[in-house]
Amino acid sequence: MNRCFIKIINLLLVLGIIFGYNMTLESRAKENEIAKLQAELESSNNQLEKYDEVLKASDNTEGVDGNVESEYKDGVYEGTAKGYGGDITVEITIKGGVMKDLKILSASNEDGAYLAMASAIVKDILKNQSAEVDTVSGATYSSTGIKNAAGKALEKARDN
């Protein structure tokens, strides 16, 4: 009877240890997931801040006169091209023959960190009034996707 009681206690101890270990593993997995989501959120917030800077810069396009003869027709044009994680779609607004705005409409499969870095190319495209700009080092594929999508939108602006 004594041996049976000791075996039951040992079995309960082993089950308790296994249960505790599994709880620890689940807790660590949740902590890792939370850290990953916080990093993605921070990356998205950084991307939004950079995008706001680009929008402010586009309102003050340097060296561009809105009344000059331009190859672009006024309107809103979309273009899509491949980025790092899939398709990137942009929208370009032309007013007075000048590119006034460039928005990234979708890039759902892009890595947030790469897309945030690549968004810096928007300012260059608006400043140069052309998609023929340098890509962003460290986010080459994502910035190439934005650049190529902008190029396709500008082709539409020329053809209309």
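The values are calculated or read from the model by the stated rules, or taken from the named source; none is laboratory data. Please read these numbers as outputs of a predicted model, since none were measured by experiment. Glycine also receives a Cβ, built like all others from the backbone with ideal geometry; neighbour counts cover every protein chain displayed.
Which of the residues belonging to the range 131-158 are touching a helix residue (DSSP H, G or I) at 6+ places or on another chain (Cβ under 7 Å) and of a type in the set (A, V, I, L, M, F, W, C)?
ALA131, VAL133, VAL136, ALA139, ILE146, ALA150
Being free of Cβ contacts under 8 Å to residues at least 40 places away in the same chain and among the hydroxyl-bearing types (Ser, Thr, Tyr) is the filter here, so list the residues in the range 85-104 that pass it.
THR93
Restricting attention to the range 132-152, report how many residues are crowded, with 24+ Cβ neighbours inside 10 Å and either modelled with pLDDT under 90 or hydrophobic (A, V, I, L, M, F, W, C) (or both). I'd like the intermediate steps shown before the answer.
So in the range 132-152, the residues crowded, with 24+ Cβ neighbours inside 10 Å come out as 139, 142-143, 145-147, 149-150.
The next check asks that each one be either modelled with pLDDT under 90 or hydrophobic (A, V, I, L, M, F, W, C) (or both); those that pass are 139, 146, 149-150.
Summing the residues that are crowded, with 24+ Cβ neighbours inside 10 Å and either modelled with pLDDT under 90 or hydrophobic (A, V, I, L, M, F, W, C) (or both) in the range 132-152 gives 4.
List pairs: first in the range 29-41 and surrounded by 10 or more Cβ atoms within 10 Å (Cβ to Cβ), second assigned to a helix (DSSP H, G or I), Cβ under 7 Å, 6+ apart or cross-chain?
The qualifying pairs are GLU40/GLY112.
What residue, of VAL90, VAL98, is within 21 Å of the chain's Cα centre (by Cα), over 23 Å from LEU37 (Cα atoms) and aliphatic (A, V, I, L, M)?
Step by step, each of VAL90, VAL98 is checked, and only VAL90 is within 21 Å of the chain's Cα centre (by Cα), over 23 Å from LEU37 (Cα atoms) and aliphatic (A, V, I, L, M).
For a quick check of your reading of the model, give me the residue pairs whose first member lies in the range 113-128 and is without any contact (Cβ under 8 Å) to a residue 60 or more places away in the chain, whose second is among the hydrophobic types (A, V, I, L, M, F, W, C) and in a helix (DSSP H, G or I), with beta-carbon atoms closer than 8 Å and at least 6 apart or on different chains.
Short answer, once both residue conditions are applied: ALA118/ILE146; ILE121/ILE146; ILE125/ILE146; ILE125/ALA150.
Can you find even one residue in the range 103-123 that is buried (at least 17 other Cβ atoms within 10 Å of the Cβ) and farther than 20 Å from SER43 by Cβ?
No, the range 103-123 contains no residue that is buried (at least 17 other Cβ atoms within 10 Å of the Cβ) and farther than 20 Å from SER43 by Cβ.
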